[in-house]
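Asker: Quick one: the structure is below, questions incoming.
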Amino acid sequence: METTSHNATNVKIEGHRGGMFDFDNTISSFNQAVENGLDSIEFDVWLTSDNVPVILHGGPEGQVEHDISKHSITKDAHINTISFEQIREAKLPNGEQIPTLEEMLDQFHGKIHLNCEVKEKQPEFAQILIDLLKKKDIQDGFLLSSFEIDQLQRIKDVLDKDEEYNPVIRFATCHETFDSLEPEDFPQFSDVINFDSVVLTNEVVESIHKAGKLAGIYFYPSSNENEETYAKAVSAGVDIIISDHPLVLRAYLSSVTSS
């Protein structure tokens, strides 16, 4: 498959759940993403029962999923039913605490571009999130993404109504597939369209670009991430690759650029 060094040079490398350098969605993994010079990191956010935004992947409906060293929290427990105090006492398999979004912003905003994937579906999350971003004076370097397009629109509406807070925050809608590739059918407020690599074609990327948006791919299952897909993405002109293996991806892009 033909690739070009120009396309490869332009691809941004985004670490999925922090880049998987350590246990996913942890401070240590985020630190290593910064140390390794990734362009951006993606992480997942939910609300605790007392409305604290925390970073954890969770299952489709917010199940904890991970083995954590606190017996009162099981894998089947929903994050929305767990208090922040319980979350704070818990330990992930690598021994770290589950980080809060506020801690993430304090430690990493300004060091690396942040892609906050909104998992939380509760409507009140929109105001809670914007209040936190405003408190931390987040003006740029921050993107909000989600499969929950209505929730993203809700967040944008809250942001647009705040006359005192006018940051440059971008939005990315996430898609498993597409019902239409007409440029006008992509969510109008979205700056980036992230989609599953299994539906990657030149036509998809061309349509996204024609709509004036950036094209990003993710891999589900993660076993779909390989050099063949990298080559296909570069050839099609994908702008962002959300990777579980960012250093492998970087080595591939470097080899294409130097060839």
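Asker: Per DSSP H run of at least 4 residues, take -39500 (n - 2.57); add these up for the chain, divide by its residues and hand me the 222 nm value, nearest 500 deg cm²/dmol.
Answerer: It comes out at -9500 deg cm²/dmol, rounded to the nearest 500.
Asker: For volume of the Cα convex hull per residue in Å³, the listed values are (1) 123; (2) 164; (3) 135; which was obtained by calculation from the structure presented?
Answerer: Checked against the structure: label (1).
Asker: Order of Arg88, Arg250 from fewest to most other C-beta atoms within 10 Å?
Answerer: Numbers: Arg88 14, Arg250 17.
So the residues, fewest neighbours to most, are Arg88, Arg250.
Asker: Taking the simple approach of a point 7 Å from Cα along Cα-to-Cβ for both Ser223 and Lys91, what is their distance in nm?
Answerer: Once both label points are built, they end up 3.3 nm from each other.
Asker: At 0.890 mPa s and 25 °C, plugging the Kirkwood radius over alpha-carbon pairs of the stretch 88-171 into Stokes-Einstein gives what diffusion coefficient in µm²/s? Don't jump to the answer; show the numbers that get you there.
Answerer: Details: Rh = 13.8 Å.
Answer from the Stokes-Einstein relation: 178 µm²/s.
Asker: Continuing with this model, one more query. In the stretch 5-258, with Lys and Arg counted as +1 and Asp and Glu as -1 at Cβ, which of these residues, Ala251, Ala77, Ile155, has the Cα nearest the positive end of the dipole, that is, farthest along it?
Answerer: Highest projection toward the positive end goes to Ala251.
Asker: Taking the Cα centre of the chain as origin, work out the dipole magnitude from +1 charges on Lys and Arg Cβ and -1 charges on Asp and Glu Cβ, in debye rounded to 20.
Answerer: Values: 20 positive and 46 negative charges, 97 e Å.
Here the size comes out at about 460 debye.
Asker: Then there is this: If each residue of separation counts as 0.36 nm, what is the full-extension length gain between Gln139 and Val168 once their alpha-carbon separation is subtracted? Mind dumping the intermediate values first?
Answerer: Details: separation 29, 0.36 × 29 = 10.44 nm, distance 0.57 nm.
Separation in residues times 0.36 nm, less the Cα-Cα distance, equals 9.9 nm.
Asker: Return the percentage of antiparallel bridges among DSSP beta bridges fully within the chain, rounded to the nearest 5 %. Please report the intermediate quantities before stating the final value.
Answerer: On the way: 5 of 38 bridges.
Taking every DSSP beta bridge with both residues in the chain, the antiparallel ones total about 15 percent.
Asker: A further question follows. Quickly rank 109-115, 160-166, 231-237 as a protection proxy: mean count of other C-beta atoms within 10 Å, highest first.
Answerer: Values: 109-115: 18.4, 160-166: 10.3, 231-237: 20.0.
The densest-packed peptide leads the list: 231-237, 109-115, 160-166.
Asker: Which net charge results when you count Lys and Arg as +1 and Asp and Glu as -1 among the other residues whose beta-carbon is under 12 Å from that of Asn115? Write out the running numbers ahead of the final one.
Answerer: Details: positive: Lys12, Arg17, Arg170; negative: Glu14, Asp39, Glu42, Asp44, Glu117, Asp191.
Result for the local shell: -3.
None of the figures in this text is laboratory data; all of them are computed from the coordinates on show. No experiment lies behind these values; they were computed from the predicted model shown. FYI the Cβ positions are ideal-geometry reconstructions off the backbone, even for glycines, and counts take in every protein chain you see.
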